[in-house]
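Read the structure below first, then the notes.
The values are calculated or read from the model by the stated rules, or taken from the named source; none is laboratory data. Bear in mind the structure is a predicted one, so any value in this text is a computation, not a measurement. Here the Cβ positions follow ideal geometry from the backbone for every residue, glycine too, while neighbour counts run over all protein chains shown.
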Amino acid sequence: MTSIELRDLTKEYGGRRAVDGLTLTVRPGRVTGFLGPNGAGKSTTMRLVLGLDRPTSGTATIGGRPYAGLRDPLRRVGSLLDARAAHGSRTAHDHLRVLAASNRIDAGRVADVLERTGLTPVARRRVRTFSLGMRQRLGIAAALLGDPEVVLLDEPANGLDPEGIVWVRALLRSLAAEGRTVLVSSHLMGETAAFADHLVILGRGRLLADTPVREFIHARVRPQVRVRTGDAESDRLGALLTRHGHEAARDADGTWTVRQARVEEVGHLMSEAGLPVLELAALEASLEEAYLDLTAAEAEFTAPPQEV
């Protein structure tokens, strides 16, 4: 299948580098989440891949060719950059029908993508009557119209209700399972963790991370354990943890939070000491924590911390 390849990709606007020497490969068969603070260069990078902007230097290719050199590009690459791109006076069906005709795509694909995106019941409604979430679905339908090997989506969950967010998550994973190359820009950390297999993270136009999701989280956020014993034994538990070199803090409800620890080692210590275990659980590190740890110094626009 087809990969997206960037080699020393750079884009300058008036002396400012929006993308700075970016080199990476987006591979098929997985969902790659594309993250970064505002102004990091994500949208510019997508525009460069799609030939909407010219690079100052370097290359962006799809299957070894620039987008402009692809034959029948809508059959090779599907994209959603702006949900407002569809003309408001057209119906959803007509918008897709025109795209199909102008790209030599079988008209039968229109009904297929309308059904896949849940728009069949509103296919004859004019786009100007659509909510933002419905426009997002129409944009995704247009991206899938040519049955492309490569799919690029910029904030596809924007404007979707909870059911729509679950739907787009399942859609992305199914596209990757079909062997497609899927690159998705998002600012929703929880959603990205739910759908992405791999992460590419930018900061001020530079590559900060190119890594599997779980490896990224585990490398940047220390593991923690939450543990609770009987009220009478809580002080003994604290002393036990300290004696074995663990950094532990007691919460108001009597639960202890143990940093840089694993469930099995804390459980083993308590068993040897004869302490009853009322609660013992790993505190899962989140993508948001790891992302903020990485990008704290890379955001172009930041606000001072709020007083509490």
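Could you list, in sequence order, the residues of segment 180-204 that are among the aliphatic types (A, V, I, L, M) and either over 26 Å from residue 147 (Cα atoms) or outside any strand (DSSP E or B) (or both)?
Of everything in segment 180-204, those that are among the aliphatic types (A, V, I, L, M) and either over 26 Å from residue 147 (Cα atoms) or outside any strand (DSSP E or B) (or both) turn out to be 188, 189, 193, 194, 196, 201, 202.
Please name all residue pairs, on different chains or six or more residues apart, with Cβ atoms under 6 Å, provided the first residue is in segment 124-135 and is surrounded by 20 or more Cβ atoms within 10 Å (Cβ to Cβ) and the second residue is basic (Lys, Arg).
Close Cβ pairs satisfying both conditions: 127/90.
Residue-by-condition table, conditions (1) over 35 Å from the mean Cα position of the chain (by Cα); (2) assigned to a helix (DSSP H, G or I):
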residue: 242; (1), (2): yes, yes
residue: 254; (1), (2): yes, no
residue: 258; (1), (2): no, no
residue: 261; (1), (2): no, no
residue: 264; (1), (2): no, yes
residue: 271; (1), (2): yes, yes
residue: 277; (1), (2): yes, no
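Output the residue which, of all residues in segment 76-118 that are over 25 Å from the mean Cα position of the chain (by Cα), among the aliphatic types (A, V, I, L, M) and not in a helix (DSSP H, G or I), is surrounded by the most Cβ atoms within 10 Å (Cβ to Cβ).
105
Scan segment 45-65 residue by residue and report those that are touching a residue at least 60 places away in the same chain (Cβ under 8 Å) and either outside the structural domain of residue 78 (by TED's automatic domain parsing) or outside any loop (DSSP other than H, G, I, E, B) (or both).
Scanning segment 45-65 gives 45, 46, 49, 62.
For segment 213-224, does any single residue satisfy the condition of being assigned to a strand (DSSP E or B) and either buried (at least 18 other Cβ atoms within 10 Å of the Cβ) or not polar (S, T, N, Q) (or both)?
yes
Would you mind listing the strands (runs of 3 or more DSSP E) fully within segment 1-41 where at least 2 residues are of a type in the set (Lys, Arg)?
Correct list: 4-13, 16-26.
Return only the number of the condition from (1) closer than 26 Å to residue 192 by Cβ; (2) surrounded by fewer than 20 Cβ atoms within 10 Å (Cβ to Cβ) that residue 4 does not satisfy.
Only one criterion is unmet by residue 4, namely (2).
Quick one: in segment 156-191, which of the residues that are at pLDDT below 90 and not hydrophobic (A, V, I, L, M, F, W, C) is surrounded by the fewest Cβ atoms within 10 Å (Cβ to Cβ)?
In this case the residue turns out to be 190.
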